[in-house]
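Down below is the structure, laid out as structure tokens.
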Amino acid sequence: MTMKFSYRQIWQIAYPILLSLLMENMINLTDTVFLGHVGEVELGASALAGVYYLAIFMLAFGFSVGVQILIGRRNGERRYAEIGSIFRQGTVFLLALAAVLFSVSQWATPYLLRLFIQSDAVYAATEKYMEWRVYGFFFSFAAVMFRAFFVGITRTRVLTVNSIVMVLSNVVLNYVLIFGKCGFPELGIAGAAIASSVAEAVSVIFFVIYVRTKVDRAKYGFSLRGRFEPGLLRHVLGVSVWTMIQSFVSISTWFLFFLAVEHLGERPLAVTNMVRSISSLMFIVVNAFASTTSSLVSNLMGAGQARYVPGTCACTIRMCYMLVLPIMLLIMLFPQTVLRLYTDSGPLIGASVPALLVMASSYLVSVPCFILFNAVSGTGNTRSALGMELVALAVYAAYVVWVILCLRADVAVCWTTEHVYAVVMLSLCWLYLKRGRWRTKRI
């Protein structure tokens, strides 16, 4: 298992991504903390609006994954001057998509929210939040393109600094706008939406300044006089459209799981929400190494060194386990202590412990699953990656319906859905990489 990248090199790329994801997760946490002091209606409304916004944002994020793969390939091929054109065409497309989604959301959001929200108070608060939050489309869509650029060229340290700047901006603006400090009006939940959108704008401004001052723009082909290139955009979409669909479908199926659990009652749903929140910490670690794998594989493919891909994947999996296993061990040894961070209810904690243990054990399979899946995407064959995702999600959805809606099993058994998805996906990815046909894939 020869490795092109050392443990040190992989860590130098992965840890800034990990820190940036942790910082970005802090934005949701700060919104929750501040709105928790406003009222339960506002707190619940922000959670619903957050899921709604995330579903739309995943379209842009999925597109940026495809762009990242292309940039990584050109970086590995040392065709640096073409990277600027890929970045420019992708940014133009995402800004146009943001304008379309902004316009559609202005009209459709009130009707869609009314379909899913029964409480008039929660509906009104959610609509007020989204009225301002949709402006963030333009900034968040542009920001993911900068992230794709820096991950693709394996210069990831800037992501950590950018995330810190964004979180600090969000905290200050939340305090000022939600509670009406420093002469500003008290805007409540609308203030939280404005704060998040402005923080994303600050993030984009930071990226622009950094590129202008710290990046060799001539080397990477950045030019303000660049023209629109339909042919190149079609090529970018040929890779990215599959990752867009994959990201959106994945989030939609995850939402199906929560809708199914809701049919079991309020207690199972409360348990699932706490377990999901704890799971998100472990998933951030896995996601950081998975994104690193995608970039490294794409660079190796571009450099004509596909033989190093298996060794690099194995190395990354081992490093990810080194961080995930201690977290898993702490959760399994002290599950009640972890759950007390969320609730003081003894019965709720008792009901949550089995589900928490099942969730934690799923990461034994999820670590290699997500890393190998991102390796498949990194080879450039995003259509095959989408096919694998659809197969795994079909099995996952069928298992959800059978276990939750038909058997109405205990919530701990319901969480075995994670094991089923990971085993199916891991098997498909292993078979794909074993066949070896990906080694000559050109994009």
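Below are the figures for this structure:
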quantity: Qualifying residue in region 400-423 (condition: buried (at least 19 other Cβ atoms within 10 Å of the Cβ), without any contact (Cβ under 8 Å) to a residue 24 or more places away in the chain and not in a loop (DSSP other than H, G, I, E, B)); calculated: yes
quantity: Condition met for Ser361 (buried (at least 23 other Cβ atoms within 10 Å of the Cβ) and part of a helix (DSSP H, G or I)); calculated: no
quantity: Residues satisfying the stated conditions in region 327-346, i.e. open to solvent by 90 Å² or more (accessible area, probe 1.4 Å) and touching a residue at least 40 places away in the same chain (Cβ under 8 Å); calculated: Tyr342
quantity: Lys434, sole failed condition from (1) over 18 Å from Ile251 (Cβ atoms); (2) in contact (Cβ under 8 Å) with a residue 12 or more places away in the chain; (3) assigned to a helix (DSSP H, G or I); (4) charged (D, E, K, R); calculated: (2)
quantity: Any hit, region 204-222, residues being polar (S, T, N, Q) and in contact (Cβ under 8 Å) with a residue 40 or more places away in the chain; calculated: no
quantity: Any hit, region 183-191, residues being part of a helix (DSSP H, G or I) and either of a type in the set (Ser, Thr, Tyr) or under 17 Å from Ser20 (Cβ atoms) (or both); calculated: no
quantity: Condition check for Val324: within 25 Å of Trp11 (Cβ to Cβ), touching a residue at least 12 places away in the same chain (Cβ under 8 Å) and open to solvent by 30 Å² or more (accessible area, probe 1.4 Å); calculated: no
quantity: Qualifying positions in region 185-215 - among the aliphatic types (A, V, I, L, M), closer than 18 Å to Tyr175 by Cβ and open to solvent by 50 Å² or more (accessible area, probe 1.4 Å); calculated: Leu187, Val198
quantity: Neighbours by Cβ (under 8 Å, 6+ apart or cross-chain): first from region 264-288, under 21 Å from Cys406 (Cβ atoms); second open to solvent by 30 Å² or more (accessible area, probe 1.4 Å) and not in a helix (DSSP H, G or I); calculated: Leu264/Arg408
quantity: Flag for Tyr111 being open to solvent by 50 Å² or more (accessible area, probe 1.4 Å), modelled with pLDDT under 90 and assigned to a helix (DSSP H, G or I); calculated: yes
quantity: One residue from Ser85, Ser64, Ser105 being polar (S, T, N, Q) and either modelled with pLDDT under 90 or over 21 Å from Leu233 (Cβ atoms) (or both); calculated: Ser105
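Let's see how each residue does on (1) closer than 30 Å to Val239 by Cα; (2) among the hydroxyl-bearing types (Ser, Thr, Tyr); (3) in contact with an Asp or Glu (Cβ under 7 Å, 6 or more places away or on another chain):
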| position | (1), (2), (3) |
| --- | --- |
| Ala314 | yes, no, no |
| Pro326 | no, no, no |
| Phe334 | no, no, no |
| Gly346 | no, no, no |
| Ser352 | no, yes, no |
| Ala360 | no, no, no |
| Tyr363 | yes, yes, no |
| Cys369 | yes, no, no |
| Ala375 | yes, no, no |
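Here is a yes/no grid of residues against (1) under 18 Å from Ala142 (Cα atoms); (2) open to solvent by 10 Å² or more (accessible area, probe 1.4 Å); (3) out of contact with any Ser or Thr (no Cβ under 9 Å at 6 or more places or on another chain); (4) in a loop (DSSP other than H, G, I, E, B):
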site: Phe57; (1), (2), (3), (4): yes, yes, no, no
site: Val65; (1), (2), (3), (4): yes, yes, no, no
site: Asn75; (1), (2), (3), (4): no, yes, no, no
site: Glu82; (1), (2), (3), (4): no, yes, yes, no
site: Gly90; (1), (2), (3), (4): yes, no, no, no
site: Leu94; (1), (2), (3), (4): yes, no, no, no
site: Ala99; (1), (2), (3), (4): yes, yes, yes, no
site: Val104; (1), (2), (3), (4): no, yes, yes, no
site: Tyr123; (1), (2), (3), (4): no, yes, yes, no
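Quick grid of which residues meet (1) touching a Pro at 6+ places or on another chain (Cβ under 8 Å); (2) of a type in the set (S, T, N, Q); (3) within 17 Å of Ser427 (Cβ to Cβ); (4) part of a helix (DSSP H, G or I):
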{"residue": "Cys315", "(1), (2), (3), (4)": "no, no, no, yes"}
{"residue": "Met322", "(1), (2), (3), (4)": "no, no, no, yes"}
{"residue": "Ile371", "(1), (2), (3), (4)": "no, no, yes, yes"}
{"residue": "Asn374", "(1), (2), (3), (4)": "no, yes, yes, yes"}
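The values are calculated or read from the model by the stated rules, or taken from the named source; none is laboratory data. Note that this is a predicted model, so its numbers are computed, not measured. All Cβ positions, even for glycine, are placed from backbone atoms using ideal geometry, and neighbour counts span all protein chains on display. The area values use the complete protein model at the heavy-atom level, side chains included, leaving out ligands, DNA and RNA. Shrake-Rupley method; radii C 1.70, N 1.55, O 1.52, S 1.80 Å.
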